[in-house]
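Q: Below is the structure I would like to discuss, written out as structure tokens.
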């Protein structure tokens, strides 16, 4: 006979404010096999835990039910208490009468109390039937993968590498650097973005523990914490990077023009190109989608021979390359190459994109002088399309009036309801940089409100007012196109409650931060979930900001939600620290609450195999017949196989049939 | 020939019947048979039932719609306000609860709203159902060389979520421009294209404020387009342009002659060769010389055998 | 100005009852007022500012203001509103509140009478103009259709408008 102890928690007024805790305790006492029922103000406090431990040590109880909050946060604490008192920690069950009781039924005290009794009865029913289980451990591959080579990914990789862990840094573009590489200067100190970023890019690229895989994408991930197998597709560059010196001669000879992504479409690049001057690695790629195959030089074909000279006729890019890194006769595989790596943990730092201006129909998106803030960043950047000269796109003339519009697609039910968090600050930064250089330009900034919460941020904002930048509270409602590609701004001044109209030469839209399209594909490969705002979901918004629901998978930077550079770097370092834990421990614990096949009962039908979301089930031979078997380190204990097995051959430890039926019985009594 | 219910409203049949006549002339040529909605009333306009009770608005609007439903036809209207009112009401009646309440009101007059007829603006029918190609082919006179400034009017632009047909970008509308270009005329852009003319409730509440708004729009049209005429597909805008330009002129608030203004189908009817005495007969601004210019012999398009 | 929760509650619930369902979505961004033709023409209480006054609990204090009657219902505010407020519906809800308190201009009374008597808010005798342009003197509308007029009158009489004492 089990000896069950029930401990009901007040949780201050969280539970006791709604539920009659004494009544629940009294009820618990009447349940079968319950030998002790107690209550406490905070069961998770030391005194609460001591109470449980004492009862175990005194031999009064051998099964423990705590009726309190959620096992997600508190189960580990009580399991540890059981362990300390010498009882198998899996002989513990939690009854969540807070989240599923007092919090959701705050208006109905009586009903909530009755529901709490049911929940406790169910937990006791299960506890009576609990069996001791043992933790299992598997060894860990001491290596990490960081996906995304922006400022977040670079920092995470450097942290991991400096801790001594081999780290693969995967970047889909030809160079690492991310959005930060596109920025001119950074707030609130106005230091040059490239000046602080480039050394870090170089450091990461040259780090003995970091293997940078640029122009590469994660193709497939399998395995589990400690032992992930990752297939990385190294996209075809059509340039032999072992020879390429990054001189750029190929690009200067390539005739095919393509809108330059790095300059946000404000200028052209060539089909053969180096992403930007400070690219790391500084290597050329040929963008085959836009390659003209000059001289009929299709990849993998032999060149025509000039009849007069007898020499082969080469394409301009290969002729230009002094390092002989371009040879179009090579039959390159357009699919690139697959590199398979084993890692123990993964940090996802895939970043963000900003919305295109085309979404905002009221903002004259057809006008060349309506641009996104990231486009302005390129215009004022020394490596940008105008080499840092502030010239508006339509006529390459200096603007006399510039308008900044905040919250385009952010805080907007038609697009994204969240605040993109760093637009206010970068707009103020851009305005300040322009005003410093060109005091004669009138700058009008329109905000719903200025959000300058950060170290030194509000001072930066008020400083902008002192510089003579004009701030208006009120969202711009529209733009009208005037001749000469000027724009009439239809705005509002909330403080004086009048509408305002003026003509502007350049309008800058702070468009919302969002996940790029390809993030969805990556999420499917990694098993990442999305939050309501459509960013990757962290394990817990406060206490698990870098962890995910999948153990061993961590998040950093804007893929988890909009954040500026300081916050991204902080989160990246935090994610690296968390990702290093299993690597430094050398082994990971596998919870025994997983499924197991009773081979003698299994009929070998195989129904369970495709159902398993974790690919943990395979076929084996048992007594000369095919049988399912579950890889314990891959099983997450979801129970899908258990419920689907027609022979009832799969048991989910910690949720076996007797336990579940006991719960149902208690709930339906 | 496709039959579509012709919802007239108030201003067109009572104050500007030449516009009504232009509908009746133009549509059959373009393969559309306008069907009278016998006994239709005011939509009801914004200043009436919509200003007092939402369900009464919906009841009167849906009564009008049921007339078309009974005939098994969709509705087209040449008045932007009517288009807005009927579209909004139909949208409100997507709410099952409201539909129940409104149908209870309609029961007293032996009607039931079913929601089977769609609401179109006349410009939508011309642009989407007829198409500019067919319009081009139906012309007798070409407007080549003439400059038109267009006034689409608010209620055919917003709110897009209640309309059956919308502009690709309602802030930069192109439907009326393309319809006018089909006549051979050129249609220059002007910055206040999507702006309000100041007619309607604003004019009846404070005519001075209305005229101020109207003047800004008119100046933008004149300075940026210098048109031979203004063309609109809103009967309210039409009245404002025809009525208020002479006032501004008289008060010395504009230094140019009032610009002749047509409802689009009037212009189309003239270009098709219909009698101006029937299709463009009532206006305060003198349009006679422009009408003669439009229907001049040199503009005749040679028949294609 | 004294703010009380009771007055705020009353103003908000009145507006919601009269059809301004989105009023509490408003974050006072001002986009509506930036493009409102009425605000541009100088009417003080439209779009954002009207909503602000209502959210301060003002109803009676602003009942005589004619701004709401100048709303063109162009609905551009609804199109640009980032929060789904549908400001025009709030303006019209306030107008309905005013209308039901008989706080509106006498010129507006004429339109109601016209609607009740002819089915047309705007009514002028069209016979001469119509025959001039070659149309039948009588319109195919309610103006010359007794049954239609009766139907309109029934609908109005059975509605809150019938209680206004105008007809």
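Q: Within 14 Å of chain C (Cβ to nearest Cβ), surrounded by fewer than 19 Cβ atoms within 10 Å (Cβ to Cβ) and assigned to a strand (DSSP E or B): is that true of residue A:492 in this structure? Break it down stepwise before answering.
A: Values: within 14 Å of chain C (Cβ to nearest Cβ): yes; surrounded by fewer than 19 Cβ atoms within 10 Å (Cβ to Cβ): no; assigned to a strand (DSSP E or B): yes.
The answer is no for residue A:492.
Q: Identify the single condition in (1) surrounded by fewer than 18 Cβ atoms within 10 Å (Cβ to Cβ); (2) within 28 Å of residue A:544 (Cβ to Cβ); (3) modelled with pLDDT of 95 or more that residue A:97 does not satisfy, given that it satisfies every other one.
A: Every listed condition holds for residue A:97 apart from (1).
Q: Continuing with the same structure: Any idea which residue in the stretch B:284-305 is surrounded by the most Cβ atoms within 10 Å (Cβ to Cβ), counting only those that are in contact with a helix residue (DSSP H, G or I) (Cβ under 7 Å, 6 or more places away or on another chain) and not in a loop (DSSP other than H, G, I, E, B)?
A: B:294
Q: Restricting attention to the stretch A:567-582, which residues are in contact with a strand residue (DSSP E or B) (Cβ under 6 Å, 6 or more places away or on another chain) and closer than 11 Å to residue A:160 by Cβ?
A: A:575, A:578, A:579
Q: Among the numbered criteria (1) part of a loop (DSSP other than H, G, I, E, B); (2) buried (at least 23 other Cβ atoms within 10 Å of the Cβ), which single criterion is violated by residue A:347?
A: If we test residue A:347 against (1) part of a loop (DSSP other than H, G, I, E, B); (2) buried (at least 23 other Cβ atoms within 10 Å of the Cβ), just (1) comes out false.
Q: Quick one: would you say residue A:378 is in a helix (DSSP H, G or I) and either surrounded by 20 or more Cβ atoms within 10 Å (Cβ to Cβ) or at negative phi (or both)?
A: yes
Q: Residues that are part of a strand (DSSP E or B), under 23 Å from residue A:490 (Cβ atoms), within 14 Å of chain C (Cβ to nearest Cβ) and modelled with pLDDT of 95 or more: does the stretch A:407-414 have at least one?
A: yes
Q: Next question, about the same structure. Looking only at the stretch A:269-306, count how many residues are surrounded by fewer than 21 Cβ atoms within 10 Å (Cβ to Cβ) and within 25 Å of residue A:170 (Cα to Cα). Full working, then the answer.
A: Step one: of the stretch A:269-306, the residues surrounded by fewer than 21 Cβ atoms within 10 Å (Cβ to Cβ) are A:277-278, A:281-282, A:287-290, A:292-296, A:298-306.
In the following step, the residues that additionally are within 25 Å of residue A:170 (Cα to Cα) were identified as A:277-278, A:281-282, A:287-290.
Adding up the residues that qualify gives 8.
Q: Answer yes or no as to whether residue A:599 is free of Cβ contacts under 8 Å to residues at least 60 places away in the same chain, under 25 Å from residue A:133 (Cα atoms) and surrounded by 20 or more Cβ atoms within 10 Å (Cβ to Cβ).
A: The answer is no for residue A:599.
Q: Now for a separate question. Would the stretch C:16-29 turn up any residue that is surrounded by 24 or more Cβ atoms within 10 Å (Cβ to Cβ) and more than 9 Å from chain A (Cβ to nearest Cβ)?
A: Within the stretch C:16-29, one or more residues are surrounded by 24 or more Cβ atoms within 10 Å (Cβ to Cβ) and more than 9 Å from chain A (Cβ to nearest Cβ).
Q: Could you list, in sequence order, the residues of the stretch A:520-553 that are loosely packed, with under 14 Cβ neighbours inside 10 Å and part of a helix (DSSP H, G or I)?
A: Matches in the stretch A:520-553: A:520, A:521, A:524.
Q: Please determine, by comparing only the residues of the stretch C:58-83 that are over 25 Å from residue A:479 (Cβ atoms) and facing chain B (nearest Cβ under 7 Å), which one is farthest from the chain's Cα centre (by Cα).
A: C:66
Q: Follow-up. Filtering the stretch B:202-216 down to residues that are surrounded by fewer than 23 Cβ atoms within 10 Å (Cβ to Cβ) and in contact (Cβ under 8 Å) with a residue 24 or more places away in the chain, which residue is nearest to the other protein chains (Cβ to nearest Cβ)?
A: Result: B:204.
Q: Could you tell me which numbered condition residue C:53 fails, if it satisfies all but one of (1) more than 19 Å from the chain's Cα centre (by Cα); (2) within 14 Å of chain A (Cβ to nearest Cβ); (3) free of Cβ contacts under 8 Å to residues at least 12 places away in the same chain?
A: Condition not satisfied by residue C:53: (1).
Q: Hey, another quick one. Which ranges mark the helices (runs of 4 or more DSSP H) fully within the stretch A:10-71 that have 2 or more residues being within 21 Å of residue A:82 (Cα to Cα) and touching a residue at least 24 places away in the same chain (Cβ under 8 Å)?
A: A:46-57
Q: Going through A:497, A:452 one at a time, which residue ends up being more than 9 Å from every other protein chain (Cβ to nearest Cβ) and either surrounded by fewer than 20 Cβ atoms within 10 Å (Cβ to Cβ) or over 34 Å from the mean Cα position of the chain (by Cα) (or both)?
A: Step by step, each of A:497, A:452 is checked, and only A:452 is more than 9 Å from every other protein chain (Cβ to nearest Cβ) and either surrounded by fewer than 20 Cβ atoms within 10 Å (Cβ to Cβ) or over 34 Å from the mean Cα position of the chain (by Cα) (or both).
Q: I'm trying to understand the selection: among the residues of the stretch B:261-283, which are away from chain C (no Cβ under 13 Å), surrounded by fewer than 23 Cβ atoms within 10 Å (Cβ to Cβ) and closer than 18 Å to residue B:233 by Cα?
A: Correct list: B:272 only.
Q: Of the numbered conditions (1) within 11 Å of chain B (Cβ to nearest Cβ); (2) modelled with pLDDT of 95 or more; (3) closer than 23 Å to residue B:212 by Cβ, residue C:86 satisfies every one except a single condition; which is it?
A: (3)
Q: While we're here: State which residue is nearest to the other protein chains (Cβ to nearest Cβ) when the search covers only the stretch B:29-39 and only residues that are touching a residue at least 40 places away in the same chain (Cβ under 8 Å) and part of a strand (DSSP E or B).
A: Looking at residues that are touching a residue at least 40 places away in the same chain (Cβ under 8 Å) and part of a strand (DSSP E or B), I get B:34.
Q: To continue, here is another question. Which of the numbered conditions does residue A:512 fail, given that it passes all the others? Conditions: (1) out of contact with any strand residue (DSSP E or B) (no Cβ under 7 Å at 6 or more places or on another chain); (2) modelled with pLDDT of 95 or more; (3) surrounded by 17 or more Cβ atoms within 10 Å (Cβ to Cβ).
A: The number of the failed condition is (1).
Listed here are the residues, each with its yes/no results for (1) assigned to a helix (DSSP H, G or I); (2) under 15 Å from residue B:78 (Cβ atoms).
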position	(1), (2)
B:133	yes, no
B:143	no, no
B:148	no, no
B:155	yes, yes
B:165	no, yes
B:173	no, no
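Yes/no per residue for (1) more than 7 Å from every other protein chain (Cβ to nearest Cβ); (2) more than 20 Å from residue B:7 (Cβ to Cβ):
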site: C:99; (1), (2): no, yes
site: C:112; (1), (2): no, yes
site: C:120; (1), (2): no, no
site: C:124; (1), (2): no, no
site: C:134; (1), (2): no, yes
site: C:161; (1), (2): no, yes
site: C:167; (1), (2): yes, yes
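Conditions (1) without any contact (Cβ under 8 Å) to a residue 60 or more places away in the chain; (2) under 30 Å from residue C:20 (Cβ atoms), marked per residue:
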position: C:68; (1), (2): yes, yes
position: C:82; (1), (2): yes, yes
position: C:85; (1), (2): no, yes
position: C:89; (1), (2): no, yes
position: C:114; (1), (2): yes, yes
position: C:140; (1), (2): yes, no
position: C:158; (1), (2): yes, yes
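Q: Can you work out which of the residues in the stretch A:455-479 that are surrounded by 23 or more Cβ atoms within 10 Å (Cβ to Cβ) and part of a strand (DSSP E or B) is nearest to the other protein chains (Cβ to nearest Cβ)?
A: A:478
Q: I need the strands (runs of 3 or more DSSP E) fully contained in the stretch A:160-256, keeping only those with at least 2 residues that are closer than 18 Å to residue A:552 by Cβ.
A: A:166-170, A:216-224, A:227-234
Q: Go over the candidates B:195, B:225 one by one and state the one that is closer than 27 Å to residue B:121 by Cα, without any contact (Cβ under 8 Å) to a residue 40 or more places away in the chain and crowded, with 19+ Cβ neighbours inside 10 Å.
A: B:195
Q: Got a sec? Which helices (runs of 4 or more DSSP H) wholly within the stretch B:40-128 have at least 2 residues that are buried (at least 24 other Cβ atoms within 10 Å of the Cβ), within 14 Å of chain C (Cβ to nearest Cβ) and under 24 Å from the mean Cα position of the chain (by Cα)?
A: In the stretch B:40-128, B:54-71, B:80-92 are the helices (runs of 4 or more DSSP H) which contain 2 or more residues that are buried (at least 24 other Cβ atoms within 10 Å of the Cβ), within 14 Å of chain C (Cβ to nearest Cβ) and under 24 Å from the mean Cα position of the chain (by Cα).
The values are calculated or read from the model by the stated rules, or taken from the named source; none is laboratory data. Source: prediction; values computed, not measured. Neighbour counts are summed over all protein chains in view; Cβ atoms, including those assigned to glycine, are modelled from backbone coordinates with ideal geometry.
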